[in-house]
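S.K.: Pasting in a structure now, in C-alpha cells, and then I'll have a few things to ask.
Each reported figure results from applying straightforward, stated rules to the coordinates on display, with no laboratory input. What you see is a predicted model; the values in this text were computed from it and never measured. Counting neighbours? That spans all protein chains shown, and the Cβs are built from the backbone with ideal geometry, glycine included.
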Amino acid sequence: MTSCVVKAPKYTSVEKIFELKLGMSKEEISNTLNLKPYYLKLLTDTQSIYLYKYRVTDRAVLPFLLKEANGKEVKGKYVNLMVTYNIYDKAIKFESCNKCDESTIEEKKFDVNKLATFLTVTLPVVLVFLGITYGTAAP
C-alpha cells in the first residue's frame, strides 16, 4: 500500500553461525556465512578481530497463549559475531556481542499495519464507551 526505503546491515542466519569451526580461514568463514565482515574491530601484530552480523529468530505469540515453543517464527534483533583470527588468518575465537555495535532498521514510511491495529483495538472501546455513556443518559 505504501512504499518505503529500508536501511539495514547485511546479515546472516543463526544456522550458518553454528556451521563455523575454529581453525577456519577468513575466506572459509566468509563463504560459509555468505557474508563479508561488517567491520574491523581490532588489528595487532598477532591477531585481528572482525565483526559479522547475524539475526536471531524470535517468536510472535499472544501473551495468553504463551507456551515453551509455540508461536510464529519472526526475525529478531541483530547480533554481532566477533571472530578473532591469528596471524595466519585462522579463526581462534568466536564471540557474540550485543553492545559492540547497535544495529537498527531505519524505515521511512507510514505503517498501515500499526494504524489498522490501533483502529481495531481502540475503535470498539470508544464505541462501547459512547454506547454506555449515551445509553444511560437517555430518559
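S.K.: Which net charge results when you count Lys and Arg as +1 and Asp and Glu as -1 among the other residues whose beta-carbon is under 12 Å from that of G76? Display every interim value, and only then the final one.
M.R.: Values: positive: R55, R59, K75, K77; negative: D58, E73.
Summing Lys/Arg as +1 and Asp/Glu as -1 gives +2.
S.K.: Let me ask another. Using amide H atoms built 1.01 Å from N in the peptide plane, name the residues 5+ places from M24, or on other chains, whose amide H lies under 5 Å from its own.
M.R.: Long-range HN contacts for M24: A91.
S.K.: Now for a separate question. So which of K26/K53; K7/K90; K7/K114 end up more than 24 Å apart by C-alpha?
M.R.: Working: K26/K53 15 Å; K7/K90 32 Å; K7/K114 20 Å.
Checking Cα-Cα distances, K7/K90 exceed 24 Å.
S.K.: Taking R0 as 22 Å, what's the FRET efficiency between K7 and K36 from their Cβ-Cβ distance, rounded to 0.05?
M.R.: Numbers: r = 18 Å, r/R0 = 0.82.
With a Förster radius of 22 Å, E is 0.75.
S.K.: Which of the chymotrypsin sites (Phe, Trp or Tyr not before Pro) found in the stretch 47-79 are in a DSSP loop and have at most 12 neighbouring Cβ atoms, other than their own, within 10 Å?
M.R.: Numbers: sites: Y50, Y52, Y54, F64, Y78; in loops: none.
Listed in order of number, the matching sites amount to none.
S.K.: List, in order, the whole-Hz ³J(HN,Hα) value for each residue of the stretch 29-45 obtained from phi through the Karplus relation with A = 6.51, B = -1.76, C = 1.60 and θ = phi - 60°; use x for Gly and Pro.
M.R.: 5, 4, 5, 5, 7, 6, 7, 7, x, 6, 6, 8, 8, 8, 9, 10, 5
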